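What follows is a short report on a single structure.
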Amino acid sequence: MSAAVSVESGFFDCRDSFASTIEALAAADERIVTVVSDSVGSSKLNGFRSKFPERMVNVGIAEQTLVAVGAGLANGGKVPFVSAASCFITGRALEQVKADIVYTNVNVKLIGQSSGVAYGELGPTHHSIEDMAWLRLLNNLTLIVPADPWQTEHAIRAAAAIDGPVFVRVSRMPVPALEHAGAFEVGKAEVLFEGDDAAIIANGTMVHRALAAAKSLAGEGIRARVVNMATVNPLDEAAILSAARTGAIVTVEEHSVRGGLGGAVAEVVTAHDPVPMRIMGFPGFLPTGSAEWLMEHFGLTAAAIADAVRQTISRKR
Amino acid sequence: MSSAPVHAPASNDVIATIRDKALWIRRRSFQMVYEAQLGHPGGDFSAADILATLFFGVLRYDPERPDDPGRDRFVMSKGHCTGAFYSVLAAAGFFSESELSTYMQPLSRLNGHPNRNYLAGVETNTGPLGHGLPVATGIAIAGQIDAAGFRTFVLTGDGELQEGSNWEAALTAGHRRLENLTLIIDRNRLQQGARTEETASLDPLDDKWRAFGWQVEVVDGHDHAQLLEVLSASPRGRGRPLCVIANTFKGKGVSFMHDNVAWHHGVPNKEQYEQAMAELV
């Protein structure tokens, strides 16, 4: 594992994992450059800038040009990692992401930092709870939402190895290091907790909460499978169909309930044998409050996930 | 390599070739628009001389090796003018001229706006305006980092400069002193529905680019010798990106289309087509 810095005992900031991994990759591949929009510190790229000053392109506060310059650098033979707050790199520059990166199909890595509600008190302009929905519509964009520092490292390494556009959604919310079943593979979900009574499909910062819910449910005899769906594009349909065979699915994401992971899972489930589902996430523009408070308030907690599982099981046909 | 040596003085042969190609681009693109009953012929005609000069007098490229890392790059930011763009790419050997007759037909590679995954010679997919200069800026930065010898050219419309993304890129290119980057503005003074100066005025356009740290040259965008001289001059030591304001006319070359906003995306009937072809000789 990369040298992630502990936020509090046993919890980590995935941006540290991104930063150490990109520095290691850049040391081995001189084509790698970073592109930022005055987002050096928020991307934790101060170390990269010190080591490779000529390989960091800072376009200033200009996200459209940030993304477009990434496309141009790829045309010129570079492997650009374009890093900025997820709310701006998607919402502000969505047409550049669509046309310059994904439709043109260039070898650019977009790193959406501090995604979800990490900027809690700053409000909906700075929340990025629409990004998964916008991005998963771009069908040749690989979209990865890692759950912990280990998976962040491997998502960044996988992004570098893919010859094409990739988006990695990185959180700054403290998360614990998870016990992983095996090597990270793009497009493959991993089952972190076995169970056949129901399935919880989660990604990003919600995975450890889903695990806590499953463990508490196990204490009352309910076995809920926990599926870490880190890759949203391409989607692991086999893992979803297997989850559907439990007869009840709960999805959990640090994202709007509309169009994100839950929507993606529902599209697959409804095309086959529909089963009762519950999509957990945020309802839309959110009130002010810390990220942790917002998650509590909108029911993205282990206890609320466990409740949702019980309710969805009760709807089984 | 199909281009002339970059630093050679403009010979009469080169000028004659450019003149012939520009006429051919106008005739062929207008045929495409007539057959498809779709297109943007007014802008095709304002850009025809610029494109002919670039591809037959300035750019270093090999259509057999379109991904050559050392090639000069040309980014067609005014991506709606595919009549002229596809015509010049075909004339330059990137694909067969006969394919031009498929323009905008179902499943044709010749989409209304260019796609590099279909066609060699297209550097980036354009269509929405204000995308070409920021991407070209990124290409030029890659060349700057590597101290590579290639140059990057981008052709925008003038109405297109109302998109703010251009000015973000103008700041970055000026800040980084990208002397390997050349912007050509097809300054025909007409946008889709009206004159630029009646819509969101751009003048004094030269002062704007100078203020952003660019060198500015103003030329007659239909004068091949002027275009060739300013575009083929060595950028070394310029220390700034170059903006060439090419004063042009929409519909240049056909009397009833000349400086007429109706021909932004107007398409000809049979009589108009025949009259235009009679004038384009």
*Does A:Thr125 satisfy the criteria of being polar (S, T, N, Q) and touching a residue at least 60 places away in the same chain (Cβ under 8 Å)?*
no
*Output the residue which, of all residues in the range A:15-55 that are of a type in the set (S, T, N, Q) and surrounded by fewer than 18 Cβ atoms within 10 Å (Cβ to Cβ), is farthest from the chain's Cα centre (by Cα).*
A:Ser50
*Among what's in the range B:45-73 and is under 29 Å from B:Leu280 (Cα atoms) and of a type in the set (Gly, Ala, Ser), pick the residue that is farthest from the chain's Cα centre (by Cα).*
B:Gly57
*Test A:Ser83 against the stated conditions and say whether it is more than 10 Å from every other protein chain (Cβ to nearest Cβ) and in contact with a helix residue (DSSP H, G or I) (Cβ under 7 Å, 6 or more places away or on another chain).*
no
*asked:* Condition first: under 21 Å from A:Arg258 (Cβ atoms) and either among the polar types (S, T, N, Q) or more than 14 Å from chain B (Cβ to nearest Cβ) (or both). Can you find one or more residues in the range A:99-108 that meet it?
replied: no
*Applying the selection to the range A:157-174, what residues are buried (at least 21 other Cβ atoms within 10 Å of the Cβ) and in contact with a Phe, Trp or Tyr (Cβ under 6 Å, 6 or more places away or on another chain)?*
A:Val170
*asked:* Restricting to the range A:115-167, count the residues that are closer than 17 Å to A:Glu190 by Cα, in contact with a helix residue (DSSP H, G or I) (Cβ under 8 Å, 6 or more places away or on another chain) and among the hydrophobic types (A, V, I, L, M, F, W, C).
replied: 5
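Listed here are the residues, each with its yes/no results for (1) buried (at least 17 other Cβ atoms within 10 Å of the Cβ); (2) out of contact with any strand residue (DSSP E or B) (no Cβ under 7 Å at 6 or more places or on another chain).
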| position | (1), (2) |
| --- | --- |
| B:Lys208 | no, yes |
| B:Trp214 | yes, no |
| B:Leu228 | yes, yes |
| B:Ser232 | yes, yes |
| B:Asn247 | yes, no |
| B:Lys252 | yes, yes |
| B:His265 | no, yes |
*State which residue pairs qualify: first residue at pLDDT 95 or above and inside the range B:238-250, second residue basic (Lys, Arg) and surrounded by fewer than 20 Cβ atoms within 10 Å (Cβ to Cβ) in any location, beta carbons under 7 Å apart, and separation of 6 or more residues or different chains.*
B:Gly239/B:Arg177; B:Arg240/B:Arg177
*Could you check the range A:56-143 for helices (runs of 4 or more DSSP H) lying wholly inside it with 2 or more residues that are more than 20 Å from the chain's Cα centre (by Cα) and buried (at least 24 other Cβ atoms within 10 Å of the Cβ)?*
A:63-75
_Residue under evaluation A:Val207, criteria (1) in contact with a helix residue (DSSP H, G or I) (Cβ under 6 Å, 6 or more places away or on another chain); (2) under 16 Å from A:Glu253 (Cβ atoms), criterion not met_ = (1)
*Residue by residue through the range B:80-133, note down the ones that are in contact with a Lys or Arg (Cβ under 6 Å, 6 or more places away or on another chain) and aromatic (Phe, Trp, Tyr).*
B:Tyr118
*Report whether or not A:Ser216 is assigned to a helix (DSSP H, G or I), of a type in the set (S, T, N, Q), free of Cβ contacts under 8 Å to residues at least 60 places away in the same chain and surrounded by fewer than 24 Cβ atoms within 10 Å (Cβ to Cβ).*
no
*Identify the single condition in (1) farther than 20 Å from A:Leu192 by Cα; (2) surrounded by 17 or more Cβ atoms within 10 Å (Cβ to Cβ); (3) among the polar types (S, T, N, Q) that A:Thr231 does not satisfy, given that it satisfies every other one.*
(1)
*asked:* Of everything in the range A:1-37, what is modelled with pLDDT of 95 or more, farther than 12 Å from A:Arg157 by Cβ and part of a loop (DSSP other than H, G, I, E, B)? Give them in sequence order.
replied: A:Glu30, A:Arg31, A:Ser37
*Does the range A:154-174 hold any residues that are hydrophobic (A, V, I, L, M, F, W, C) and either farther than 21 Å from A:Ala19 by Cβ or at pLDDT 95 or above (or both), and which are they?*
A:Ala155, A:Ile156, A:Ala158, A:Ala159, A:Ala160, A:Ala161, A:Ile162, A:Val166, A:Phe167, A:Val168, A:Val170
*asked:* Give me the helices (runs of 4 or more DSSP H) completely within the range B:91-203, filtered to those with at least 1 residues that are within 12 Å of chain A (Cβ to nearest Cβ) and surrounded by fewer than 17 Cβ atoms within 10 Å (Cβ to Cβ), ordered by residue number.
replied: B:132-146, B:164-175
*asked:* If I ask for residues that are part of a loop (DSSP other than H, G, I, E, B) and crowded, with 17+ Cβ neighbours inside 10 Å, which ones from the range B:216-226 would you list?
replied: B:Gly221, B:His222
*Going by the conditions given, is A:Asp38 free of Cβ contacts under 8 Å to residues at least 40 places away in the same chain and within 8 Å of another protein chain (Cβ to nearest Cβ)?*
no
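The values are calculated or read from the model by the stated rules, or taken from the named source; none is laboratory data. These numbers were taken from a predicted model, which means no experiment stands behind them. Positions of Cβ are backbone-derived with ideal geometry, glycine not excepted, and every protein chain shown enters the neighbour counts.
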